[in-house]
Amino acid sequence: MSKLVEVKNLKQYFPAPGNSLFSKRYLKAVDDVSFYINKGETLGLVGESGCGKTTTGKTVIRLYEPTAGKIIYNGEDITKVNMLPYRRKMQIVFQDPYASLDPRMTVADIVGEAIDIHKLAKSKKERKERIISILERVGLNSEHANRYPHEFSGGQRQRIGIARSLAVNPEFVVCDEPVSALDVSIQAQIINMFEELQEEMGLTYLFIAHDLSVVKHISNRIGVMYLGKLVELASSYELTFHSLHPYTQSLISAIPIPDPQVSRTRQRIVLEGDVPSPLDPPSGCRFRTRCRYATKICAEQEPEFKEVDNGHFVACHHVTK
Amino acid sequence: MSEYLVDIRNLRLSFFTPAGEVKALNDVSIQMKQGEVLGIVGESGSGKSVTAYSLMGLVPEPGRIISGTIDFNGHRVTEMTEKQLREMRGNEISIIFQDPMTSLNPVYTIGNQIEEVILLHTTKDRKAARERALELLNLVGINEPHKRLRQYPHELSGGMRQRVMIAIALACEPKLLIADEPTTALDVTIQAQILELMNDLRKKIGMSIIMITHDLGVVASMCEKIAVMYAGKIVEYGTAEEIFYNPQHEYTKGLLMSIPKLNATEHEKLIPIEGTPVDMLMPPQGCPFAPRCNSCMKICLREMPPYTDINADHYSACWLLQKEAYESLKGGVAQ
Ligand SMILES: Nc1ncnc2c1ncn2[C@@H]1O[C@H](COP(=O)(O)OP(=O)(O)OP(=O)(O)O)[C@@H](O)[C@H]1O
Ligand SMILES: Nc1ncnc2c1ncn2[C@@H]1O[C@H](COP(=O)(O)OP(=O)(O)OP(=O)(O)O)[C@@H](O)[C@H]1O
Ligand code: SF4
Ligand SMILES: [Mg+2]
Ligand SMILES: [Mg+2]
């Protein structure tokens with residue numbers, strides 16, 4: 001297996017609101033994050049609202065310029081290069097299909113625009129064929145081509161958004177909460193479609209969602225973020241059944257299981273309090289203010305993100321294996 | 001008089017929109033005993049919120065009740081005056097919404113908002129109202145309640161605001177709490193806190209709860225009874241165990257098969273429900289689920305299936321069950 005995407009010590013700092021010329025404060029949305037994604041693999045990214053999932057996804061494909069760190073794509077350092085040759089290969093699908101589709105454009109125009117930008121069709125005829133073929137691939141058809149986004153249901157709009165991203169034959173797709181806004185019965189259709197398209201087109205995904213059940217289903221490996229940090233990363237199985245980080249453990253135990261007997265007898269680790277402000281994160285381990293195991297060292301030193309088992313990475317002072 | 005706390009019978013409710021009539025509720029009946037926790041699940045637009053609001057006498061424009069009755073605590077809601085409705089809403093039924101920010105007033109302190117409700121419904125004494133407000137904030141697990149009383153909604157986190165909403169909802173000691181997607185906007189670890197709080201309160205106070213959600217995990221962990229709605233109709237009703245371990249309606253079965261399960265050890269392909277949700281302006285004749293149903297028969301496209309009792313606490317509206325019922329009667333007494 002070879003790595004398609006790799007980030008090393010990635011940082012994305014935003015200037016904090018209310019900055020003056022003399023005091024510059026930063027919101028460290030992504031702070032020193034490292035991971036890789038193999039070709040054809042799906043890496044899931046989970047964590048609570050505001051922990052930096054979207055920012056990570058956008059920075060990896062350089063929709064944001066990284067504050068620090070390295071991005072390596074297919075063996076090449078692309079941290080500073082002109083992105084034009086890479087844009088086509090690296091695509092993103094957003095959560096809200098409606099907000100990301102221009103209401104005045106027909107479906108054919110929306111999908112065709114991407115084809116035009118990357119000059120992927122030599123003739124009108126080829127352009128049209130390409131549009132129809134991608135629409136069919138995502139479960140729509142040629143009759144849908146001349147309609148407008150508002151004429152479609154939520155699930156169909158998400159298909160249009162996916163068609164737009166896939167029309168340019170990408171290799172790597174950042175999927176940012178692509179099913180979160182959909183009804184449960186429609187979610188499964190779209191999840192299956194992502195899986196089928198991956199097989200057909202050999203795609204590599206960074207799959208972002210806050211629903212761990214969905215992420216676990218679709219991902220080979222999963223990374224867990226907390227306040228801008230990656231705190232644990234392991235295979236989906238290891239992460240769901242043998243998680244090591246106290247935050248991951250409470251996250252998993254908090255998920256209501258759709259099975260009355262299981263969910264009523266299950267032990268929950270209920271976390272006290274809320275996620276601290278990212279403008280003023282706790283010293284040392286960022287999770288320590290809510291952690292059951294926190295000791296003195298947790299406040300003093302930042303735990304290192306290290307491999308404790310084959311392919312299982314954790315950042316916690318009290319995990320040793 | 002009804003033995004039930006909630007007794008909705010054959011409710012039909014439509015919205016008369018410029019584009020046409022939206023039959024939002026199509027013959028909905030719900031019975032609920034005192035102290036019960038009922039979960040209502042179903043797709044977006046299936047009528048969950050409209051059902052719950054009608055129970056409070058709230059029918060948003062351009063909606064109208066076409067037929068049916070709604071009884072609450074022995075009183076006929078459908079015949080109450082505006083004044084009686086207001087009294088019922090303040091004293092006997094409370095509601096919490098998905099987004100606490102839209103229901104809290106941004107320009108008043110938390111204290112003002114809780115005390116106002118208390119002054120309106122229980123006591124006229126300001127000092128007693130303040131005491132009670134502190135007590136309520138304690139009850140819902142908010143630390144430093146003295147400080148919180150002086151804060152404004154935007155100064156609190158999402159989970160904290162939802163706790164405040166619950167405190168306000170409990171101020172009048174309601175018999176019934178309606179929770180409309182109370183945790184959908186919250187992170188799972190905060191959701192777990194709020195669900196635990198609701199379970200605790202229920203044990204302490206003994207109130208009934210209607211829990212509206214699309215999250216099957218939430219209903220499984222919270223509710224004794226579950227009503228599954230599809231296109232304005234309750235297609236299946238039963239205990240949580242019956243719905244999860246012995247589902248009878250094709251939509252319920254499909255729903256359970258289409259969700260990824262965290263505790264699954266193997267990767268199993270999800271089995272989605274094909275097709276798209278019902279266009280409520282042009283609902284199909286017959287069973288509303290027919291166009292998406294793999295077992296659809298001719299009769300399903302023509303006629304609405306009647307309810308079949310599976311057992312004393314479980315019924316479902318699907319023609320397949322009628323067929324089975326008919327076949328099991330074969331040779332016996334067919335009516
Ligand atoms: N363009 C921006 N400018 C300033 N701050 C930002 C920007 N984008 C994100 N942030 C902040 O960075 C942090 C991480 O945000 P991000 O959107 O990456 O979180 P997320 O994990 O995707 O959350 P959610 O689950 O809510 O989508 C948040 O505190 C957010 O407010
Ligand atoms: N004020 C209104 N005007 C017109 N139609 C309405 C109005 N309120 C609700 N409806 C319609 O009534 C139906 C039922 O709506 P309801 O809000 O009960 O759905 P729901 O099951 O709560 O959905 P959700 O999960 O999205 O909250 C929908 O088809 C909706 O479009
Ligand atoms: S480092 Fe300390 S505070 Fe952080 S998760 Fe581990 S035990 Fe908890
Ligand atoms: Mg995001
Ligand atoms: Mg609703």
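The values are calculated or read from the model by the stated rules, or taken from the named source; none is laboratory data. This one's a predicted model, so the numbers in the text were calculated from it and none came from an experiment. Methodologically, a virtual Cβ is constructed for each residue, glycine included, from the backbone with ideal geometry; neighbour enumeration extends over all protein chains shown. Ligands, DNA and RNA are excluded from the accessible area calculation, which covers all protein heavy atoms including side chains. Shrake-Rupley method; radii C 1.70, N 1.55, O 1.52, S 1.80 Å.
Take the Cβ-Cβ distance between A:PHE14 and B:MET297 as r, set R0 to 56 Å, and report the resulting FRET efficiency rounded to the nearest 0.05.
0.45
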Hits in the range B:155-193: amide N under 18 Å from the 7 Å Cα→Cβ extension of B:ASN91, namely B:169-177
Among A:LYS229/A:LYS306; A:LYS70/A:LYS216; A:LYS8/A:LYS58, the pairs whose Cα-Cα distance exceeds 19 Å are A:LYS70/A:LYS216
Under 20 Å by backbone N from the virtual spin label 7 Å along Cα-to-Cβ at B:HIS75, the residues of the range B:141-172 are B:169-172
Result for the protein assembly as shown: accessible area per residue, probe 1.4 angstrom, in square angstrom, of 45
With x for Gly and Pro, the residue-by-residue ³J(HN,Hα) of the range B:311-322, computed from phi through the Karplus equation 6.51 cos²θ - 1.76 cosθ + 1.60 at θ = phi - 60° and given in whole Hz, is 8, 4, 10, 8, 9, 8, 9, 8, 5, 4, 6, 5
Of A:SER219, A:SER165, A:SER253, the most mobile residue in a GNM of chain A (C-alpha springs, cutoff 10 Å) is A:SER253
In order over the range A:55-70: 3J(HN,Hα) from phi, Karplus 6.51/-1.76/1.60, θ = phi - 60°, whole Hz, x for each Gly or Pro, gives 4, 4, x, 6, 6, 4, 9, 6, 6, 10, 7, x, 5, 7, x, 10
The answer for B:GLU21, listing residues at least 5 apart or on another chain whose modeled amide H is closer than 5 Å to its amide H, is none
Once B:GLU3 and B:LYS204 are pulled to full extension, the length gained, defined as 0.36 nm per residue separation minus their Cα-Cα distance, is 70.1 nm
Here the residues of the range A:170-186 whose accessible area is at least 10 Å² smaller with all protein chains than in the chain alone (probe 1.4 Å) are A:ASP183, A:VAL184, A:SER185, A:ILE186
Note: B:244-250 gets an average of partner chain Cβ contacts (10 Å, Cβ to Cβ) equal to 1
Rounded to the nearest 10 Å², the accessible area of B:GLU303 using a 1.4 Å probe with every protein chain kept is 90
Ordered by number, the residues of the range B:206-229 that have at least 50 Å² less accessible area in the complete protein assembly than on their own chain alone (1.4 Å probe) are B:ALA220, B:SER221
Applied in sequence order to the range B:149-159, the curve 6.51 cos²θ - 1.76 cosθ + 1.60 (Karplus, θ = phi - 60°) yields integer Hz couplings, x standing for Gly and Pro, of 4, 8, 8, 9, x, 5, 7, 10, 6, x, x
Taking Cα atoms only, helix B:188-205 is inclined relative to the longest principal axis of chain B by an angle, in degrees rounded to 10, of 80
Per the rule of 0.36 nm per residue minus the C-alpha distance, extending A:ASN82 to A:ASN169 adds in nm 29.4 nm
When chain A is treated as a Gaussian network with springs between alpha carbons less than 10 Å apart, the largest mean-square fluctuation among A:ARG87, A:ARG137, A:ARG25 is found at A:ARG25
Excluding ligands, DNA and RNA, the carbon-plus-sulfur percentage of the accessible area of the protein assembly as shown with a 1.4 Å probe reads 50
Connecting every pair of Cα atoms under 10 Å apart in chain A and solving the GNM, the largest mean-square fluctuation among A:GLY202, A:GLY57, A:GLY273 falls on A:GLY273
Output row A,B: buried area (accessible, probe 1.4 Å, summed both chains) in Å², nearest hundred, equals 3800
Per the Kirkwood formula over distinct C-alpha pairs, the hydrodynamic radius of the protein assembly as shown in angstrom is 27.1
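In the protein assembly as shown, what percentage of the DSSP-assigned beta bridges are antiparallel, given to the nearest 5?
So the antiparallel bridges amount to about 65 percent of the total.
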Cα-based Rg then Dmax for the range A:99-254, in Å, read 17.8, 57
Between the modelled labels at B:ASN311 and A:ARG292 (7 Å from Cα along Cα→Cβ) the distance in nm is 3.5
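Between A:GLU199 and A:SER277, how high is the FRET efficiency from 1/(1 + (r/R0)^6) when r is the Cβ-Cβ distance and R₀ = 45 Å? Nearest 0.05.
The computed FRET efficiency comes out at 0.60.
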Placing each pseudo-label 7 Å from Cα in the direction of the beta carbon, A:HIS118 and B:LYS147 end up separated by a distance in nanometres of 5.2
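Identify the trypsin sites (Lys or Arg not before Pro) of the range B:204-269 meeting these criteria: DSSP loop state and at most 11 other C-beta atoms within 10 Å of the C-beta.
Hits after loop and neighbour filter: B:LYS269.
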